[in-house]
Amino acid sequence: MQPIKTTLILGSFFIFLVAALAFFIKLDSDTDPSIYTDRLSANQTRASAAKKNNKEVREFEKSEVISKTDKVENEPSALFNDPAIKQAWGLKNSDAARAWKITRGDKNKITAIIDTGIDIDHEDLSENIWVNPGETGFDAKGLNKANNGIDDDSNGYIDDVHGWNFVSNNNNLTDNHGHGTHIAGIIGAMAENKKGISGIAPNSSLMILKYYDPKVPSTDNLKNTINSIKYAVKMGAQIINYSGGGTDFSQDEFDSIKEAEKKGILFVAAAGNERSNSDHHHYYPADYKLSNIISVTALDPNKEVLASSNYGTETVDLAAPGQNIISTLPGNNYGFMTGTSQATAFVTGAAILVMANKSDFKFDEVKKYIVSTGDPFTSLAQKTRTSRALNLFKALTILDSGVAANGVIARGTANDSFTPGQKENKNPTTTSEVTAFGKSLLEAVSPKPKFNRVGEKP
């Protein structure tokens, strides 16, 4: 009898544990996901359904906040000194400190960020958000154009002061995910304000175009993307940053980026996080054969392409830091994210710096300087077109002799040569490769003795 009682008690206890576990699992699944966590099953379901119906889709790139805080080290510590230097490894590896001695950007260069929106009141972003001049000031009735409910600049959008929400078709740019705010911070978080971090181009003007919102179901992300691109073209952006994408070719999307190309607008696109070779499995819009697109994949601190990132020697132009990148999050928070989205933001920041330093450059020249002046690494030989990782300082100082518009370097030129399998040159920059505007700075920071000028005897 006693064994039967024992069995019943143990059985009841086991059933209770199973029931409790099932309850908590259901509770977790029913809980509204954190706005900072990428739980996009609903979006993936819609994407799958759309594909079955032969509809073109643009999926939101998978990335999530690894950790979040409202307190970070002050900027000098967080950027340059141990131990917090590890929080901003991407800035160090891309040589941001030396680049900032040349330029920190230009607020006259408008960058459109097509993403999940932004926290427009963030302590580290608010002063760098683009302001539409046609929707500011006062109208004939003395009303503030920013909220008078009138399309003051007749562009088809009412009170689009900082951009537009193409998901809900209004000017509410609230970031209900966190991704857009994170990307904005990498590109253009303010510097020297004793708060948070610094973006690649701390002097920026960020036009915010919202194409995705996890809280709004059944939205057409591709249509929103296309409309965002058209808005950026109409409203005078010089650079467009886009982190989404999909495997389906869209003629309308292609045409909108082609129009941006005609207007001289650089389009920086994420290569994608599909773990695939884009040469064989295309990812759009990064893989459209347009001269104004820079396709970017993500690196870890060891200069290896992330296992989750797309790659391709014919389709991916450049690699940039993309693992555990610290940046801004809604609510005056900061946190880490990983993905080609983050790498793309690094390159967009680089484009702002190059445009600020060389205001007469066209988009193809900006692209050439960025993709051809990076550091060569054997680990990238089968991963990108150029086998290079972004170097912000060199993008501002290296001569472009022998470099094609797509960044491919002709053999026998003054630029770093790179053959797959060769050991990387740890200090490849010589005086003969430096332009006039960067030469004196490089000589000042280079170890002595200085390199001889071309033609001089040792």
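Readers should treat all values here as calculations from the given coordinates under stated rules, not as data from a laboratory. All values reported here derive from a predicted model rather than from experimental measurement. All Cβ positions, glycine included, derive from the backbone under ideal geometry; neighbour counts span all protein chains shown.
If packing is taken as the average count of other Cβ atoms within 10 Å, what order do 190-197, 142-149 fall into, highest mean first? Kindly include the intermediate steps, with their values, before the conclusion.
Working: 190-197: 18.1, 142-149: 13.4.
Taking the mean over residues of other Cβ atoms within 10 Å, the ranking is 190-197, 142-149.
Going highest first, how would you order 296-304, 172-180, 272-280 by mean Cβ packing within 10 Å? Please list the in-between numbers first.
Details: 296-304: 22.0, 172-180: 24.0, 272-280: 19.0.
Ranking, from highest mean packing down: 172-180, 296-304, 272-280.
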Quick one: check the C-alpha center-to-center distance for the stretch 272-347 versus the stretch 104-152, whole angstrom.
-> 28 Å
Using the beta-carbon distance between residue 141 and residue 304 and R0 = 56 Å, what value does 1/(1 + (r/R0)^6) give for FRET efficiency, to the nearest 0.05?
-> 0.40
Please find the FRET efficiency linking residue 379 to residue 101, where r is the Cβ-Cβ separation and R0 is fixed at 45 Å, and quote it to the nearest 0.05.
-> 0.95
On full extension of the chain, what length is gained from residue 121 through residue 262, given 0.36 nm per residue of separation minus the C-alpha to C-alpha distance?
-> 47.3 nm
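What is the calculated FRET efficiency for residue 254 to residue 362, with r their C-beta to C-beta distance and R₀ = 35 Å, to the nearest 0.05? It would help to have the intermediate numbers written out before the result.
Values: r = 21 Å, r/R0 = 0.60.
E(calc), rounded to 0.05, equals 0.95.
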